[in-house]
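The values are calculated or read from the model by the stated rules, or taken from the named source; none is laboratory data. Just so we're clear, the structure is a prediction, and the values are computed from it rather than from any experiment. Backbone-built Cβ (ideal geometry, glycine too); neighbour counts: all protein chains shown.
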Amino acid sequence: MKALRKQKPMPGADLVDIQIPEPGEHELLIKVKATAICKSDVEVIEWTPLVASANYDLPFTMGHEFSGEVEAVGKFVKNFKKGDRVAGETHIPCGYCRECRTDNQHICTNHMGVLGRTVDGSFAEYIKIPEISAIKLADDANFEHMSLLEPMGTALHALQKAEPSGKIVAVLGVGTIGLMACELAKLLGAFKVIAMDVNEKRLAHSLSLGADIAINGLNTDLVKAVMNETNGQGVDCVLDFTGNVKVINQAIDILAPTGILVHIGMVPESLTISNYMYRVVYRELKITGLYGRHMFKTWETLMRLVNSGKINMDAYVGMVLPMDEYEKALEQFNTINGRAILIP
Ligand SMILES: [Zn+2]
Ligand SMILES: [Zn+2]
């Protein structure tokens with residue numbers, strides 16, 4: 001089968017022919033019908049210092065946002081059969097470590113598998129995943145839309161930490177997941193959503209998806225603008241998708257006392273927050289990281305929201321193209337609105 005693989009520790013990727021994987025006793029073999037390109041896949045292809053420092057074993061098949069159809073099941077698989085439509089959770093927990101046993105299996109600390117990194121991913125005609133990581137979809141599920149569940153789950157998990165109901169939420173960075181966060185925040189009852197980015201097209205898109213205010217951080221002072229919009233009080237929650245040190249410092253300053261900052265963006269540099277005592281400690285701010293989706297609280301709520309038909313899934317489809325043409329998607333990655341979806 002065709003697979004897009006990372007074979008060498010340097011920029012680039014290779015479209016190669018490899019064996020179709022054999023599902024283990026507890027695994028599903030899935031025919032991948034649609035698979036989206038995440039910013040983190042682009043980082044793997046570019047082999048940024050952040051990715052290089054993770055020391056992944058090479059080679060591996062990239063890709064982790066996908067949907068597909070079950071092709072075969074292992075002999076102990078009980079809940080899926082050939083023909084079922086499925087999506088997949090990217091994290092593969094051990095099931096035995098302290099995190100796994102205390103309701104945090106999505107951040108398993110015992111060699112957690114990560115699709116498209118430590119375990120062969122979805123940029124391929126077939127993928128195998130454990131039964132526990134599979135999410136059953138409706139029989140008429142739209143594969144392109146359902147390949148976006150994984151990143152949408154990340155946006156939802158960030159909001160589950162921020163608890164946006166009745167609150168003012170700032171979404172810093174409205175790439176695809178940031179856009180999803182704007183729409184979901186409103187759906188979950190946020191009083192006001194403030195979007196910030198440096199790309200006018202994305203900002204306009206955020207307004208159409210429910211953001212109330214869009215701030216271009218390139219030509220507007222974010223802190224002043226937010227204070228103006230909130231009667232000098234600041235926001236209750238900040239979701240940071242930028243990972244940018246300057247923006248994260250602004251995030252601290254736009255938070256009202258006791259507010260929460262959720263980090264989702266990758267932070268490639270050391271982070272310095274000056275005057276931490278007065279800006280963070282005495283103001284009782286909460287700061288949390290985020291890695292993936294809660295298994296499976298996030299997925300349960302996500303499927304309820306998606307199945308309600310209230311989410312504008314089309315808004316997140318930037319382009320759809322055959323996997324062979326992945327280079328076209330990479331060229332346009334920073335300019336398209338929404339995800340580039342590959343069809344293997
Ligand atoms: Zn991703
Ligand atoms: Zn574990």
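Some values worked out for this structure:
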quantity	calculated
Hey, ILE177 surrounded by 24 or more Cβ atoms within 10 Å (Cβ to Cβ), in the same structural domain as HIS106 (by TED's automatic domain parsing) and under 25 Å from TYR326 (Cα atoms) or not	no
Yes/no for HIS111 being within 26 Å of LYS161 (Cβ to Cβ), within 16 Å of ligand 2 (Cβ to nearest atom) and surrounded by fewer than 20 Cβ atoms within 10 Å (Cβ to Cβ)	yes
Residue in region 27-35 that is part of a loop (DSSP other than H, G, I, E, B), closer than 20 Å to MET303 by Cβ and touching a residue at least 40 places away in the same chain (Cβ under 8 Å) present	no
Total residues in region 78-96, condition in a loop (DSSP other than H, G, I, E, B) and of a type outside the set (S, T, N, Q)	11
Whichever residue in region 193-244 is part of a strand (DSSP E or B) and among the small types (Gly, Ala, Ser) and, among such residues, is surrounded by the fewest Cβ atoms within 10 Å (Cβ to Cβ)	ALA214
Test for MET146: is it of a type in the set (A, V, I, L, M, F, W, C), surrounded by 19 or more Cβ atoms within 10 Å (Cβ to Cβ), free of Cβ contacts under 8 Å to residues at least 60 places away in the same chain and within 16 Å of ligand 1 (Cβ to nearest atom)	no
Region 130-164, residues that are within 16 Å of ligand 2 (Cβ to nearest atom) and either assigned to a helix (DSSP H, G or I) or in contact with a Leu (Cβ under 7 Å, 6 or more places away or on another chain) (or both)	ILE132, SER133
Residues satisfying the stated conditions in region 184-195, i.e. touching a residue at least 40 places away in the same chain (Cβ under 8 Å) and closer than 12 Å to LEU172 by Cβ	ILE194
Which numbered condition ALA214 misses (of (1) over 21 Å from GLY338 (Cβ atoms); (2) touching a strand residue (DSSP E or B) at 6+ places or on another chain (Cβ under 8 Å))	(1)
Failed condition for LYS75, given (1) exposed (fewer than 15 other Cβ atoms within 10 Å of the Cβ); (2) in a strand (DSSP E or B)	(2)
Hits in region 3-41 (condition: touching a helix residue (DSSP H, G or I) at 6+ places or on another chain (Cβ under 8 Å), closer than 25 Å to VAL70 by Cα and surrounded by fewer than 16 Cβ atoms within 10 Å (Cβ to Cβ))	LEU15, HIS26
Residue tally, condition surrounded by fewer than 17 Cβ atoms within 10 Å (Cβ to Cβ) and part of a loop (DSSP other than H, G, I, E, B), over region 290-309	3
Members of region 78-100 found to be surrounded by fewer than 12 Cβ atoms within 10 Å (Cβ to Cβ), free of Cβ contacts under 8 Å to residues at least 12 places away in the same chain and within 16 Å of ligand 2 (Cβ to nearest atom), listed by number	ARG98
Subset of region 93-143 (residues that are within 16 Å of ligand 1 (Cβ to nearest atom) and over 19 Å from LEU29 (Cα atoms))	HIS106, ILE107, MET112
